[in-house]
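The values are calculated or read from the model by the stated rules, or taken from the named source; none is laboratory data. Every value quoted in this text rests on a predicted model; they were computed, and no experiment measured them. Heads up, the Cβs are rebuilt from the backbone with ideal geometry, glycines too, and the neighbour counts pull from every protein chain shown. What goes into the accessible areas is simple: the full protein's heavy atoms, side chains included, and nothing from ligands, DNA or RNA. Shrake-Rupley method; radii C 1.70, N 1.55, O 1.52, S 1.80 Å.
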Amino acid sequence: MTQQAILIEGKRVAETIRAELKDEVAALAARGVTPGLAVVLVGENPASQVYVRNKEKACAEVGMAAFDHRLPASTPEDELLALIDTLNADPSVHGILVQLPLPKHINETKVLNAIAPDKDADGFHPMNVGKMLIGEECPLPCTPHGVQELLVRYGHDPAGKHVVIVGRSNIVGKPLAAILMQKKKGANATVTVAHSGTKDLAGMMRQADILVAAIGVPEFVKADMVRDGAVVIDVGINRVEDATHPKGYRIVGDVDFAGVSQKAAAITPVPGGVGPMTIAMLLKNTVEAAKRA
Ligand code: GUN
């Protein structure tokens, strides 16, 4: 069967969410509170620089404050931990985000542990990860939360569906599984987490009602790995060399969009799919933290 999948436009949903947040920020401003997000970037990773710039731009757009902290790649771990202490104590900072990955000499777990759990804009603190797993109220990691929000707002309620997530990262695969398996609204799915060690990975992917690609391999998911009528969510953001583009590269996802969109019922594009949702959920976490503070 050849069909053309419905496009799940994260960019548009994210605009709607930002508009909703703008109203909430205005209501907080009337009470003298400006939600503030501190963004910490260590080093010069080009992709991270783009992400951080987009996050700060989005803050400004909804009327939030962004506090930009760029540190050289050589920054000692102690210095980063000291900065986090300062931000933890600063009442104008409601959310703290340390962009990952960090340089190799810095212990990521130690850094994430240092962020005050109630200022944890990413939901990466082990205490919040634990709360998420047992279904307690907590800030949820932005990308998986954005994926859930996209599915729900496009009428693809995960309840009762078989969701196959390809990728087991702490940022996407694991937390998405935890979120979608909860006995809660917008979840209650049967979740399989597949990865590079999965036997017959293609066969596993073909069993998905909802397939989430978060592997980090450009255009890994091909049409023959997708069931007719599946919903396909592409979390990948990969730079591939392309001399015909002015920048010398273009951005592709983890899904072969041209092929898979002939087979799936609905699919997210890259760019303009999950990416903008990640940022929208980050702003949401920060606004929620400001409301609590
Ligand atoms: N690196 C890639 N994705 C993310 C994210 O959602 N948050 C942070 N802090 N770093 C990332």
Could you say which residue among 211, 180, 176 is under 14 Å from the mean Cα position of the chain (by Cα) and either free of Cβ contacts under 8 Å to residues at least 24 places away in the same chain or open to solvent by less than 10 Å² (accessible area, probe 1.4 Å) (or both)? 176
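Check the range 230-242 and report whether any residue there is in contact (Cβ under 8 Å) with a residue 40 or more places away in the chain and farther than 15 Å from residue 219 by Cα.
Kept after step one, since they are in contact (Cβ under 8 Å) with a residue 40 or more places away in the chain, are these residues of the range 230-242: 231-235, 237, 239.
Filter again for farther than 15 Å from residue 219 by Cα, leaving 231.
Scanning the range 230-242 turns up at least one residue that is in contact (Cβ under 8 Å) with a residue 40 or more places away in the chain and farther than 15 Å from residue 219 by Cα.
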Of the numbered conditions (1) touching a residue at least 40 places away in the same chain (Cβ under 8 Å); (2) open to solvent by 50 Å² or more (accessible area, probe 1.4 Å); (3) within 16 Å of the ligand (Cβ to nearest atom), residue 251 fails exactly one; give the number of that condition. (1)
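Being within 16 Å of the ligand (Cβ to nearest atom) and modelled with pLDDT of 95 or more is true for just one of 218, 126, 158. Which residue is that?
On the way: 218 fails: within 16 Å of the ligand (Cβ to nearest atom); 158 fails: within 16 Å of the ligand (Cβ to nearest atom).
Exactly one residue qualifies, and that residue is 126.
Among the residues of the range 129-149 satisfying the criterion of being within 13 Å of the ligand (Cβ to nearest atom) and among the hydrophobic types (A, V, I, L, M, F, W, C), which is nearest to residue 40 (Cα to Cα)? Spell out how you get there, then give the answer.
First, the residues of the range 129-149 that are within 13 Å of the ligand (Cβ to nearest atom): 139-147.
Still in the list and also among the hydrophobic types (A, V, I, L, M, F, W, C): 140, 142, 147.
On the way: 140: 19, 142: 16, 147: 24 Å.
Across the range 129-149, the extreme among qualifying residues is 142.
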